[in-house]
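S.K.: Below is the structure I would like to discuss, written out as structure tokens.
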Amino acid sequence: MASTLPFTFIIYVFFLVSQCPTGILAAQNPLILPAGETGADDWNLEILPNITSTGNIVFDTVSSLLQHWPNVRHHSGHTIVPATLPVGTLLYHGRNNGSFPASPEWASTDPEFARLFCVDAADECWLLTLVVTRPLRALYFDGNSAIKMPDGPMDTQDLLVWGEVLPERATLEWEYERLRGLCDLGRELGLDAFIRMNLKFEVMLCDFTDGVEIASFSKLETEPTFPHHGYSFIQSSTWHDRPPGETRIQLDLSHLISLYDVALAPSLVSQRLGKQRHEHRVLGIAAEDIDAVMHRLRTMQKSPSESGINWSSLFQVIIDRYAQRLEVLQSTLKSCDDHKRAFRILRTMLMPYLLHFAVPPHTTAGNSWAAPIFRQCAQTHTSFMSSLESKLTASERLLRNAVEETNREICRTLVRMWASGVVERLSGPALLAEWKTDVDRLMAWLDWSAWTTCRPSCAIDESCYLPGAPFSMDEWNNTSVQPKCVRVFEPYTYTDLLWG
Ligand SMILES: *[C@@H]1O[C@H](CO)[C@@H](O)[C@H](O)[C@H]1NC(C)=O
Ligand SMILES: *[C@@H]1O[C@H](CO)[C@@H](O)[C@H](O)[C@H]1NC(C)=O
Ligand SMILES: *[C@@H]1O[C@H](CO)[C@@H](O)[C@H](O)[C@H]1NC(C)=O
């Protein structure tokens, strides 16, 4: 049994350092071991995640489904998820005349969106409200998937409609053709609808008389309303900006398809190398991978999930445990004068894993003594799943892997920082600079949308708006765009939005 370093001593050493580092770079960076050596020590705190792994991205995309902001930030969707619209859901469709849609058309879960589609009418605005009378089966495409841009948002739809990605068809002219193609596939697979995101979520309904009833079909006044209907549209979109997102649509995560699944779409792995996340595309996928995706789609409902795991809850638990505290840690290190507080935050996050027996030996350098803490932290949310292996669907194995990889890297970074704090006794400002580098790298790797928000928060007559499609196309592909407060009443502050 190793001797225990007195706790009071550990605390004491943090009082010794009070200087802010000045331009000192991290002295120690984690290594990447050469291929082949990665299995040598599973709990080596120095081994970074493999650059070809996508667990962090799957984790972020899955925990961002049906939310507005994350899907503006990463507009090229890679995920296709079976969804249900429950009985009683209201769907809205706006048009210029009172004739009932006889073919597939668009609807929305919020009337503010549907209202936009009668805005150009000379004198008539009709709002059709439908109510769902049996659970409607749908497929949801993540990303900014209703935006007709050739650089990615429509890639996954193209695969299903045309069996290949055709960027030149990302135009208004192809929309009905695309919808007809989706509905043809829908008939084959027993699907009623397809769901995409513009600024809000739209439901592309294949039959306006099957599984839905007319709740009302009304001719509305066409006078301009205040706030301007563009603003009320933006304001209403904020309802779904962040978790829990659009709650009327229920997703079946245990059968989702992700093009970030390296087992399902291996041809995309090399394509992503050296690219930023916003440059990732489905374009370029190999024909055999498309076949695998279509096969998965055609067989997905034949193997219902038996695991009983609530995946969305598990993902949210991990975000809850770390998102805010990582942000506080980052800001503490940025102000760089409070190492005691930084260490306390680390200890608070790692509290359930700080094993009494894991203490640094007096003799050797390094941090292998902290490996049991790393293991305990990294396995805590997923180790029980090994006994459920046979019950997990292929999608659930992807989800488990995403949770495992993500949680593991959070734990590795935090335990490594904490251990260096214990061992190095905070001997100088280099440690703080190193910690700062570690936290910045971890947060960039996680890339959670929870960290995108208006600071300070907006006034009551403002909306926190993340510039992007469809109103702020100048910001398309601008990865550093930050949300801003826009007034929803006059005097408007963001005049680009004044249209129509
Ligand atoms: C990363 O993973 C790939 C694919 O599994 C493997 O071929 C490669 O050797 C790994 N790289 C490292 C550095 O471990
Ligand atoms: C009614 O409006 C829809 C779309 O707004 C259009 O497709 C349709 O042709 C119109 N029908 C008539 C009878 O004008
Ligand atoms: C799963 O957890 C979420 C909260 O993240 C909750 O809204 C949902 O009802 C849960 N699902 C089931 C089937 O219990």
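S.K.: For segment 50-100, how many residues meet the condition of being surrounded by fewer than 23 Cβ atoms within 10 Å (Cβ to Cβ), among the aliphatic types (A, V, I, L, M) and within 16 Å of ligand 1 (Cβ to nearest atom)?
M.R.: 2
S.K.: Then there's this: Given the conditions (1) out of contact with any His (no Cβ under 6 Å at 6 or more places or on another chain); (2) outside any loop (DSSP other than H, G, I, E, B), report the number of the one that Pro470 does not fulfil.
M.R.: The failed condition is (2).
Condition check ((1) touching a helix residue (DSSP H, G or I) at 6+ places or on another chain (Cβ under 7 Å); (2) surrounded by fewer than 23 Cβ atoms within 10 Å (Cβ to Cβ); (3) among the β-branched types (Val, Ile, Thr); (4) modelled with pLDDT under 95) across all residues:
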site: Gln379; (1), (2), (3), (4): no, yes, no, no
site: Thr382; (1), (2), (3), (4): yes, yes, yes, no
site: Lys391; (1), (2), (3), (4): no, yes, no, yes
site: Arg397; (1), (2), (3), (4): no, yes, no, no
site: Ala402; (1), (2), (3), (4): yes, no, no, no
site: Leu414; (1), (2), (3), (4): yes, no, no, no
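S.K.: Could you figure out which of (1) more than 26 Å from Arg455 (Cβ to Cβ); (2) of a type in the set (Lys, Arg); (3) outside any loop (DSSP other than H, G, I, E, B) isn't true of Lys275?
M.R.: Among (1) more than 26 Å from Arg455 (Cβ to Cβ); (2) of a type in the set (Lys, Arg); (3) outside any loop (DSSP other than H, G, I, E, B), Lys275 violates only (3).
S.K.: On to the next question. Look through segment 145-174, keep the residues that are touching an Asp or Glu at 6+ places or on another chain (Cβ under 6 Å) and within 28 Å of Ala102 (Cβ to Cβ), and return whichever of them is surrounded by the most Cβ atoms within 10 Å (Cβ to Cβ).
M.R.: Here the residue is Ala146.
S.K.: A further question on this structure: Suppose we keep only residues that are part of a loop (DSSP other than H, G, I, E, B) and farther than 15 Å from Gly143 by Cα within segment 241-255. Which one would you say is farthest from ligand 1 (Cβ to nearest atom)?
M.R.: Arg248
S.K.: Now a separate question. From the list Gly181, Gly152, Gly163, which one is touching a residue at least 40 places away in the same chain (Cβ under 8 Å) and under 19 Å from Met294 (Cβ atoms)?
M.R.: Answer to the check: Gly163.
S.K.: Does Thr109 fit the bill of being surrounded by fewer than 22 Cβ atoms within 10 Å (Cβ to Cβ), among the polar types (S, T, N, Q) and touching a residue at least 40 places away in the same chain (Cβ under 8 Å)?
M.R.: Criteria not met by Thr109.
S.K.: Among the candidates Asp123, Asp142, single out the residue that is touching a residue at least 40 places away in the same chain (Cβ under 8 Å) and surrounded by fewer than 19 Cβ atoms within 10 Å (Cβ to Cβ).
M.R.: Exactly one of Asp123, Asp142 is touching a residue at least 40 places away in the same chain (Cβ under 8 Å) and surrounded by fewer than 19 Cβ atoms within 10 Å (Cβ to Cβ), namely Asp123.
S.K.: For segment 91-147, which residues satisfy the criterion of being away from ligand 2 (no atom under 16 Å from the Cβ) and among the aromatic types (Phe, Trp, Tyr)?
M.R.: Result: Tyr140, Phe141.
S.K.: Taking Ala444 and the conditions (1) under 27 Å from Asn44 (Cβ atoms); (2) touching a residue at least 24 places away in the same chain (Cβ under 8 Å), which numbered condition does it fall short on, given that it satisfies the others?
M.R.: (2)
S.K.: Determine, yes or no, whether Ile249 is within 16 Å of ligand 3 (Cβ to nearest atom) and more than 25 Å from Ala371 (Cα to Cα).
M.R.: For Ile249, the condition - within 16 Å of ligand 3 (Cβ to nearest atom) and more than 25 Å from Ala371 (Cα to Cα) - is met.
S.K.: Tell me the residue from Val415, Val439, Val359 that is among the aliphatic types (A, V, I, L, M) and under 17 Å from Ser331 (Cα atoms), please.
M.R.: Just a single option satisfies the conditions, and that option is Val439.
S.K.: Tell me which of these Met300 doesn't satisfy, since it passes every other one: (1) at pLDDT 95 or above; (2) more than 16 Å from ligand 1 (Cβ to nearest atom); (3) buried (at least 17 other Cβ atoms within 10 Å of the Cβ).
M.R.: Going through (1) at pLDDT 95 or above; (2) more than 16 Å from ligand 1 (Cβ to nearest atom); (3) buried (at least 17 other Cβ atoms within 10 Å of the Cβ) one by one, Met300 breaks only (1).
S.K.: Between Arg134, Arg187, Arg180, which is in a loop (DSSP other than H, G, I, E, B), more than 26 Å from Val72 (Cβ to Cβ) and more than 16 Å from ligand 1 (Cβ to nearest atom)?
M.R.: The unique qualifying residue is Arg134.
S.K.: Looking only at segment 140-165, which residues are part of a loop (DSSP other than H, G, I, E, B) and either touching a Cys at 6+ places or on another chain (Cβ under 8 Å) or within 20 Å of Ile257 (Cα to Cα) (or both)?
M.R.: Asp142, Gly143, Asn144, Ser145, Ala146, Gly152, Pro153, Met154, Gly163, Glu164, Val165
S.K.: Could you tell me whether Ala83 is more than 16 Å from ligand 3 (Cβ to nearest atom), modelled with pLDDT of 95 or more, of a type outside the set (Ser, Thr, Tyr) and touching a strand residue (DSSP E or B) at 6+ places or on another chain (Cβ under 7 Å)?
M.R.: no
S.K.: Can you name the condition, by its number, that Met197 falls short on among (1) within 20 Å of Ala107 (Cβ to Cβ); (2) over 16 Å from the mean Cα position of the chain (by Cα); (3) modelled with pLDDT of 95 or more?
M.R.: (2)
S.K.: Here is a follow-up. I'd like the full set of residues that are within 14 Å of ligand 1 (Cβ to nearest atom) and small (Gly, Ala, Ser), limited to segment 266-280.
M.R.: Ser267, Ser270
S.K.: Okay, next question. Write out, first by first residue and then by second, each pair whose Cβ atoms fall under 6 Å of each other, whose residues are 6+ apart or on separate chains, and whose first residue, in segment 194-208, is touching a residue at least 24 places away in the same chain (Cβ under 8 Å) while the second is hydroxyl-bearing (Ser, Thr, Tyr) and in a strand (DSSP E or B).
M.R.: Pairs that qualify, where the first residue is touching a residue at least 24 places away in the same chain (Cβ under 8 Å) and the partner is hydroxyl-bearing (Ser, Thr, Tyr) and in a strand (DSSP E or B), are Ile195/Tyr140; Glu202/Ser108.
The values are calculated or read from the model by the stated rules, or taken from the named source; none is laboratory data. Source: prediction; values computed, not measured. Quick reminder, even Gly has a Cβ in these numbers, built from the backbone with ideal geometry, and neighbours come from all protein chains shown.
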